[in-house]
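Each remark here refers to the structure printed beneath this line.
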Amino acid sequence: MLMLLLAVPDALAWKHLGYRWEDDEFGISWYMDDGVEESLPEGYDLDVIKTSWDNWLDATCASYQPEVGAFKTRKDMGLRDISDGFTVFYWNDPNDEAAPGVLGVTYSVPTGFVSRVANGRTYYQIYGSDIIFNDNVDFGTTEDIQAGNCGGETGIEGVATHEIGHMLGLGHSCEQGDACADPSLREATMYWSAGACELSQANIAEDDILGINALYGPSVGISASVGTGFGTLLSGPVPLAVDFRVDADAGVDVQAVSWNFGNGDVSSDIAPQYTFETPGQFTVRANVDMETATCGAYNFAATELGMVTACGAPVAEGGKDSGFFDIQEVDGLNWQTVNHTDMSVYGCVDMIFWQVYEGSSVDPAKLVDFNGDGAGDTFGAWSPEIQFPKAGTYTILVNIGGPAGTKADMVTIDVVEASGGCSTAPAELSLTGLGLVAGLSLLRRKRAQ
């Protein structure tokens with residue numbers, strides 16, 4: 001459950017909470033609890049909620065329609081319960097939850113169902129919301145404040161508009177107590193505080209419109225392909241030639257696209273092909289100019305975080321093609337491996353397995369059986385601790401793989417029941433092309449004594 005409140009100090013509005021209502025859920029059915037706000041004229045509480053809903057219609061590109069007809073008559077809901085599936089306005093704070101200084105609180109429950117993926121972010125469907133107003137606050141009407149008949153009351157329209165913004169999925173883009181960078185945006189609806197005898201909070205501002213349109217307005221996504229199907233995450237070996245495209249909502253006419261491939265290179269092609277020559281994980285951005293019937297000219301910035309992973313073959317730290325691991329004695333038959341594989345490009349190593357052989361060579365007939373089932377064992381771990389079954393000479397083999405291929409490394413050690421603690425020492429011999437690891441390269445052999 002997520003809780004947002006209106007208090008002090010300031011914040012901006014285009015931060016989103018990670019959830020939204022499905023388009024086909026509008027208008028949302030609302031209930032008004034049987035409690036009343038005594039500082040407001042009779043019937044004004046329902047009227048101001050309708051007005052506050054309508055304030056969000058100024059975001060003309062948003063697809064939602066918070067219809068007045070979605071409001072229900074008063075219903076005695078009793079104690080507030082977000083799990084009841086009802087969406088309710090409470091004027092009497094039935095659970096006594098609003099702390100001093102808090103004007104209103106929005107409680108929302110998002111589900112695990114994806115509602116929309118836009119601009120590199122996933123939004124989840126809202127299950128329900130409750131909004132409460134602090135019954136210890138004197139709220140004033142918009143009409144009284146406009147007429148100068150305000151005796152220090154807080155304008156209820158601004159508070160209600162603010163809380164409905166939270167319910168729709170908007171949050172504060174500054175945490176409480178943090179400074180906001182642009183003072184000119186402090187009159188926005190999603191600003192933390194609503195001052196006494198003040199009406200500006202009832203008017204949604206530019207940042208509110210940007211925020212609500214990002215949740216409910218027209219959008220585009222970007223996807224990429226390496227010759228199979230299009231998707232939002234892909235990987236492959238360098239040089240990696242990738243086809244990009246814009247995926248637009250129905251009714252969106254894409255006019256122009258400015259691409260940034262995450263490595264400093266750009267393109268103005270609508271659907272470019274770009275080749276990544278060096279390894280790395282790249283966030284791709286597309287700034288799209290488009291036309292829609294409801295919005296006219298419209299701009300949308302689409303981002304896919306870590307969209308492309310371009311990989312080189314596995315290497316050890318420092319760019320070496322050997323020395324993937326060391327091994328040192330812990331206590332007698334117990335030895336600890338230390339993996340030196342370069343992991344600077346996340347996702348370019350997705351496979352690792354180890355094998356231990358009796359003797360000083362890789363002999364399939366001498367693969368060690370650790371679990372006693374009569375068959376030699378292969379196991380996966382990053383830096384495993386190995387307990388050898390008895391003293392003797394052993395060869396440890398590791399295979400490291402990823403989209404650009406697999407490399408292997410091996411070490412031969414002498415194990416005794418108890419010793420003074422030995423470490424690895426490289427040897428001259430290297431092995432390649434063993435049948436046991438067909439298609440892989442055994443890069444080196446080193447011996448610890």
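Looking only at residues that are part of a loop (DSSP other than H, G, I, E, B) and polar (S, T, N, Q) in the range 214-249, which one is nearest to Asp24 (Cα to Cα)?
Ser219
Give me a count of the residues in the range 85-133 that are out of contact with any Pro (no Cβ under 7 Å at 6 or more places or on another chain) and either aliphatic (A, V, I, L, M) or free of Cβ contacts under 8 Å to residues at least 12 places away in the same chain (or both).
The total comes to 13.
Just give me the residues in the range 325-351 being of a type in the set (Phe, Trp, Tyr) and within 33 Å of the chain's Cα centre (by Cα), in sequence order.
Passing the criteria: only Tyr346.
Yes/no per residue for (1) among the acidic types (Asp, Glu); (2) under 30 Å from Cys61 (Cα atoms); (3) touching a Leu at 6+ places or on another chain (Cβ under 8 Å):
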residue: Thr292; (1), (2), (3): no, yes, no
residue: Cys295; (1), (2), (3): no, yes, no
residue: Met307; (1), (2), (3): no, yes, yes
residue: Val330; (1), (2), (3): no, no, no
residue: Ile386; (1), (2), (3): no, no, no
residue: Ala391; (1), (2), (3): no, no, yes
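Pick out the one residue from Tyr298, Tyr346, Tyr357 that is within 25 Å of Thr412 (Cα to Cα) and either among the aromatic types (Phe, Trp, Tyr) or touching a Pro at 6+ places or on another chain (Cβ under 9 Å) (or both).
When all the criteria are applied, what remains is Tyr357.
Need pairs with beta-carbon distance below 6 Å; first residue part of a loop (DSSP other than H, G, I, E, B) and within the range 188-203, second surrounded by fewer than 16 Cβ atoms within 10 Å (Cβ to Cβ); sequence gap 6+ or separate chains.
These pairs meet every condition: Trp192/Val8; Trp192/Pro9; Ser193/Val8.
Quick check: anything in the range 276-285 small (Gly, Ala, Ser), in a strand (DSSP E or B) and closer than 30 Å to Cys61 by Cα?
no
Is it the case that Phe276 is at pLDDT 95 or above and either outside the structural domain of Pro237 (by TED's automatic domain parsing) or surrounded by 15 or more Cβ atoms within 10 Å (Cβ to Cβ) (or both)?
Answer is yes for this residue.
I'm checking my understanding of the structure. Among residues of the range 362-409 that are surrounded by fewer than 21 Cβ atoms within 10 Å (Cβ to Cβ) and among the charged types (D, E, K, R), which one is farthest from Pro237 (Cα to Cα)?
Across the range 362-409, the extreme among qualifying residues is Lys390.
What's the number of the condition Val266 fails, among (1) touching a strand residue (DSSP E or B) at 6+ places or on another chain (Cβ under 6 Å); (2) farther than 16 Å from Met307 by Cα; (3) not assigned by TED's automatic domain parsing to the domain that holds Asp47?
(2)
Checking Val109 against (1) buried (at least 18 other Cβ atoms within 10 Å of the Cβ); (2) aliphatic (A, V, I, L, M); (3) in contact with a strand residue (DSSP E or B) (Cβ under 6 Å, 6 or more places away or on another chain), which test does it fail?
So Val109 meets the others, but not (1).
Can you name every residue in the range 250-269 that is assigned to a strand (DSSP E or B) and not hydroxyl-bearing (Ser, Thr, Tyr)?
Residues satisfying the conditions are Val252, Asp253, Val254, Gln255, Ala256, Val257, Trp259, Asn260, Val266.
Here is a check on your reading of the model: is Asp350 surrounded by fewer than 17 Cβ atoms within 10 Å (Cβ to Cβ), more than 30 Å from Ala59 (Cα to Cα) and of a type outside the set (S, T, N, Q)?
When the stated conditions are applied, Asp350 passes them.
Given (1) over 27 Å from Ala224 (Cα atoms); (2) in the same structural domain as Ser258 (by TED's automatic domain parsing), where does Thr337 come up short, assuming only one miss?
The number of the failed condition is (2).
Here are some conditions: (1) in a loop (DSSP other than H, G, I, E, B); (2) under 30 Å from Ser29 (Cβ atoms); (3) modelled with pLDDT under 80. Val137 meets all but one. Which one does it not meet?
(3)
The values are calculated or read from the model by the stated rules, or taken from the named source; none is laboratory data. Just so it is clear, the model here is predicted, and its values are computed rather than measured. Glycine also receives a Cβ, built like all others from the backbone with ideal geometry; neighbour counts cover every protein chain displayed.
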